[in-house]
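Written below as structure tokens is the structure these notes are about.
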């Protein structure tokens, strides 16, 4: 039996396009696979096809997923696709296939005994957890011009999942969240909607000139941070469990250490 | 002995010094959660709240830092024996101004250091006078600074009830500390406090919340009163109560006062006093941990205090968590069939938490679950395997025998949330597994 590998762009739209095309092929889904970029080891008796991302196809798939499986599943799939793992496309595709075979399609994400659904669940959970860590541990610094600036370095591409939280919380602030790994900036002008900007050249030198108040308040917070623990209960292992070391690089209270 | 109260003028003291003194004085209050109320920002100020609460950092003791936890002042007319701020202690004293509190809160909040303010205070002149100071600070923060984040304030026993009422309309959570589990303990260690005075504001807040819920049903935009509910805390190990007494008190607080949370605080010896015990190995952390585990069983697992302990066994097993301990005494109820048992029954199996139980009930609609599926779902099989069957079969042939299962459960090390080095209960290194996620929620 011939196997087909659809090579898709590593993005939500790219993978949704792949799913659309896979259904268009009208072959058994067991024969079709979705992969990202070039496979390292090409298989014998397999056909590799490059797929070009198509916004319209992607939008159709997105609508179908949300309509058929509900918002919860749609969000889980979006979170799973924010993962850096290479098998995410295949997992999402086969999850959609599994969903259409179920009686109650809205219960798709509950079907954890299915290996693909479980994989999507796992990937989505990792993104959700990491996003939650960023909501907790992200720190803003006030620049000279009053803008709040924050740098993050997440494993998953989660910026779009966290900005709405801060936009609701700080509606009257100008703030910038910068994903250093992917070079994505989320910009929130005071009182307006936020948007994303991709790429370098965002006046780097401005980002390292902090306001007068910044030093004072970051020192006050460090004082608070070092005062509040109870000496008799010192517990570095618990602290490490709750606040993984990789986040500390970006956190005000750990800079002086 | 009024001269013992050394009042150092806090005017001229830097904000840094004040924060140092007043955070240090507030740190023994356990409550730090910012949960219980979901409120979006309205776009005209700063802040929102999230139902699950948000921790923003974790201190060197592993406790979460969610709120700016400070006292308004650490001057106090009371002389509670366990308290660092008692009037007979010679410690540096300081007071904030309402504006200083507002500035700190807002500036910390915009930088995402904190989730809101936790404001408590020593008693300056009188309970009512102190509550007025707290009210002024919170009022300013809400109205002038337009702060819509989380605010937790202490209601001070003995203060004017009208002030409690007004403050409740500004705060998200209020708490009155029970301090010690029984009235006798309170009498001995806190001579200026009375059980009745503590329960009065607690009852008032409870009634305020109930009444407010009714108002909100009629008028959607009625201001909400203590929407995140009230909590309390008691010190464990300073007085000789047993775990059964403590759990009964906690259960009563949940049932009769509708409390959201009861916190247990392992006694930390800060004062030397003949009335106080001098715990040899530091604070009784394992005991505190067992109480929290049991507290979880009361609130989320449908257990009653009576089921866990009784007059004959008034203390928790140090080797086993309360749920495993209960299951071992009720082997006649096990094993349960995962594919058929109802949710409440599954919830009582050791090694299965609330999330796993929910996932099991959802996942089994699509077909029978096997042991490998349970593993993926998050069940701790090495603990659960003695108590469950999948499709009529146990995972391994197992004797349904108390001694045998106990031995096996104990030989799996329990993951305790504190180190063994330098801590109490060093000798107890043989523990069963405990889910980290559950511990995370405690804090």
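Data overview
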item	result
Global geometry of segment B:313-425, whether rounded, prolate or oblate, following the gyration tensor of its Cα atoms and the 1.5 cut on a/c	prolate
Within a Gaussian network of chain B (alpha carbon springs, distance under 10 Å), most fluctuating of B:127, B:157, B:240	B:240
Exposure proxy order (Cβ contacts within 10 Å, fewest to most) of B:247, B:217	B:217, B:247
Shielding by other protein chains, B:40-49, mean Cβ within 10 Å	4
Most mobile of A:222, A:78, A:35 in a GNM of chain A (Cα contacts under 10 Å)	A:222
Ranked list, fewest to most other Cβ atoms within 10 Å of each Cβ, for A:197, A:163, A:61	A:197, A:163, A:61
Cα-based helix-to-principal-axis angle, B:15-24 vs chain B, degrees rounded to 10	40
Residue-averaged [θ]222 nm for chain A, counting only DSSP H segments that reach four residues, each worth -39500 (n - 2.57)	-14500 deg cm²/dmol
When chain B is reduced to its Cα atoms, the Kirkwood hydrodynamic radius in Å	23.7
A:184, A:15 arranged by Cβ crowding within 10 Å, fewest neighbours leading	A:184, A:15
Among A:97, A:176, A:120: highest mean-square fluctuation, GNM of chain A, C-alpha pairs under 10 Å	A:97
Point-to-point label distance, residue A:72-residue A:44, nm (Cα→Cβ direction, 7 Å offset)	4.7
Global form of segment B:2-228, assessed from the alpha-carbon gyration tensor, a/c cut-off 1.5	oblate
Shielding by partners - mean other protein chain Cβ count within 10 Å, residues of A:105-114	5
FRET E, pair residue B:402, residue A:255, Förster distance 51 Å, beta-carbon r, rounded to 0.05	0.40
Förster radius 56 Å - calculated FRET efficiency between residue A:53 and residue B:128, Cβ distance, rounded to 0.05	0.25
Tensor-based shape of the protein assembly as shown (alpha-carbon gyration tensor, a/c under 1.5 rounded, otherwise prolate or oblate)	oblate
Residue-averaged beta-carbon neighbours from other chains (10 angstrom radius) around B:17-25	3
Value at 222 nm in deg cm²/dmol, rounded to 500, when DSSP H runs of n ≥ 4 in chain B each add -39,500 (n - 2.57)	-11000 deg cm²/dmol
Residues residue B:278 and residue B:312, FRET efficiency given R0 of 25 Å [Cβ-Cβ distance, rounded to 0.05]	0.25
Label point 7 Å beyond Cα of residue A:155 along Cβ direction - residues of segment A:86-105 with amide nitrogen under 16 Å	A:86-88
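Coordinate-derived values only; no laboratory data. This is a predicted model, so every value here is computed, not measured. Positions of Cβ are backbone-derived with ideal geometry, glycine not excepted, and every protein chain shown enters the neighbour counts.
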